[in-house]
Amino acid sequence: MIAFFLLSSFALVRQDFPVLPERPPNISSVVVMTDANELGEQLVITGTVYGSDGKTPREGVLFYVYQTDALGSYNKADGSWRHPRIKGWFRSGKDGTYKLRTIKPGSYPGSRTPAHIHVVYVPEKGRARWFDDFLFDGDPHLREEDYARYRKNGNFSSILKLSKGNDGVWRGERNIKVE
């Protein structure tokens, strides 16, 4: 997947592969990207990482994720996606599962881009590459074409259905299929 990033209202920059920050020494299947004081609605995403057959859970698959804050900004200094403030790493557990704790991201200010969480797949061999973003069902900026594009992925759709628990936390599930 090739990613395009909006630098201003007129300039798009193409990036074929992601530039990743340094990996922390210990990466688990649970990543906490924000604390309870972060502005926005709390969100927990869980899922299972499967092999290419879509049935066999894969242990140890590495991902890097990052997103905007609730107001749609990557950071307070310059807003650039190159230095996201809300980010993290996770590696699927023994049973292929993972858990991501964050907030619902905001859409870019003044844009029609759906709110999303960027996902980078970091295979054991080869170069890291973009993976389909986490998107959210009901986002006013999702178009019918977006739903049609991901519907064909069935249980591996990038569009998460969220439900709000009695504790006020939004929850969603996304299973991921990798090679």
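Summary table below
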read-out: Given (1) at pLDDT 95 or above; (2) open to solvent by less than 30 Å² (accessible area, probe 1.4 Å); (3) within 18 Å of residue 124 (Cα to Cα), number of the condition residue 66 does not satisfy; value: (3)
read-out: The stretch 61-105: number of residues that are among the charged types (D, E, K, R) and not in a loop (DSSP other than H, G, I, E, B); value: 4
read-out: Some residue of the stretch 49-57 being among the small types (Gly, Ala, Ser) and either under 29 Å from residue 37 (Cα atoms) or open to solvent by 50 Å² or more (accessible area, probe 1.4 Å) (or both); value: yes
read-out: Any hit, the stretch 27-34, residues being among the β-branched types (Val, Ile, Thr), without any contact (Cβ under 8 Å) to a residue 60 or more places away in the chain, more than 17 Å from residue 174 (Cβ to Cβ) and part of a loop (DSSP other than H, G, I, E, B); value: no
read-out: Single residue of the stretch 152-179 satisfying the filter (under 18 Å from the mean Cα position of the chain (by Cα) and open to solvent by 100 Å² or more (accessible area, probe 1.4 Å)) that is nearest to residue 50 (Cα to Cα); value: 155
read-out: Residues located in the stretch 100-147, provided they are surrounded by 19 or more Cβ atoms within 10 Å (Cβ to Cβ), among the hydroxyl-bearing types (Ser, Thr, Tyr) and more than 19 Å from residue 72 (Cα to Cα); value: 121
read-out: Filter result for residue 94 (out of contact with any strand residue (DSSP E or B) (no Cβ under 7 Å at 6 or more places or on another chain), modelled with pLDDT of 95 or more and either more than 26 Å from residue 161 (Cβ to Cβ) or buried (at least 18 other Cβ atoms within 10 Å of the Cβ) (or both)); value: yes
read-out: Residue among 128, 148 that is without any contact (Cβ under 8 Å) to a residue 40 or more places away in the chain and over 15 Å from residue 70 (Cα atoms); value: 148
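The values are calculated or read from the model by the stated rules, or taken from the named source; none is laboratory data. Everything numeric in this text was worked out from a predicted model, so none of it was measured. All Cβ positions, glycine included, derive from the backbone under ideal geometry; neighbour counts span all protein chains shown. For accessibility, only protein heavy atoms count, side chains too; no ligands or nucleic acids. Shrake-Rupley method; radii C 1.70, N 1.55, O 1.52, S 1.80 Å.
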